[in-house]
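Novice: Sharing a structure with you now.
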């Protein structure tokens, strides 16, 4: 079935360092969403990207959707301890027809050393 | 607080038993989704209901079933439980309109432990 590969699986950084997680698909995506799950918490919606080459920013977070709409990235500048958690991408494949379910990546777990 | 409620918060039961997890979506949301999250694993989509009808199916076992009631709350039934069914079960809801991929709002989850 359709898959979305998310890398890396884990990332450990020093506070102040940058962090990037990537989502890749072999098929063209209609759109992609990013969620964050804090330890012990539930996934919380961050953003949705729809257009080819789209770039959106939320404070220190930058989200990109590839030109071919097959990959996406989330970049955090100058990480803080509050960024700790697991970041998931969730994508809907193009021409999904009536099957509108999201395909979830396995997530990237970010640990930040103070 | 996402506005999605799930009960119970914790559930401990034995192998072979049957349990029911309950979810109330956000006010106005018509879609309900169920997910399973095991240790060190991502979110496994189980099933989606929209306005009472099954909309999409994921990796849901035959021992599991779900339904959405007229008041839009949903229940996930897990039967003949096995040790491997121990996991965090999330419910999410969305507006669920056709032609869009909606933002999903997750509940706090039910942690199921099968002994």
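Any read-out appearing in this document is the output of simple, stated calculations on the displayed coordinates, not a laboratory observation. Bear in mind the structure is a predicted one, so any value in this text is a computation, not a measurement. Note: ideal-geometry Cβ built from the backbone for every residue, glycine included; neighbour counts use all protein chains shown.
Novice: Below 8 Å, C-alpha to C-alpha, sequence gap of six or more: please give me the relative contact order for chain B in percent.
Specialist: 37
Novice: So, one more: For the protein assembly as shown, what D do you get in µm² per second when you plug the Kirkwood radius from alpha-carbon pairs into Stokes-Einstein at 25 °C and 0.890 mPa s?
Specialist: Translational D for this selection: 135 µm²/s.
Novice: If you find the alpha carbon centre of region B:2-30 and of region B:43-79, how far apart are they in angstrom?
Specialist: 11
Novice: Could you work out, residue by residue across B:42-49, how many beta carbons of other chains sit within 10 Å of that residue's beta carbon, and then give the average as an integer?
Specialist: So the per-residue partner count for this stretch is 4.
Novice: Would you tell me the mean number of C-beta atoms belonging to other protein chains that fall within 10 Å of each C-beta in A:41-47, as a whole number?
Specialist: Partner-chain Cβ atoms within 10 Å, mean over residues of A:41-47: 6.
Novice: Same structure again: At a 10 Å Cβ-Cβ cut-off, how would you order B:26, B:55, B:63, fewest neighbours first?
Specialist: B:63, B:26, B:55
Novice: So how many Å³ per residue does the convex hull of the Cα atoms of chain B work out to?
Specialist: 96
Novice: For chain A, how big is the tail of P(r) above 22 Å, as a whole percent of Cα pairs?
Specialist: Looking at chain A, the distances longer than 22 Å represent 28 percent of pairs.
Novice: Tell me, A:83, B:1 in order of fewest to most beta-carbon neighbours within 10 Å?
Specialist: With the fewest neighbours first, A:83, B:1 line up as B:1, A:83.
Novice: Do you know the relative contact order of chain A, to the nearest whole percent, from alpha carbon pairs under 8 angstrom that are 6+ apart?
Specialist: 37
Novice: Indicate, rounded to the nearest 5 percent, the antiparallel portion of the DSSP beta bridges found entirely in chain B.
Specialist: 90
Novice: Determine the percent antiparallel among the DSSP beta bridges restricted to chain A, to the nearest 5.
Specialist: Bridges in chain A that DSSP calls antiparallel: roughly 90 percent.
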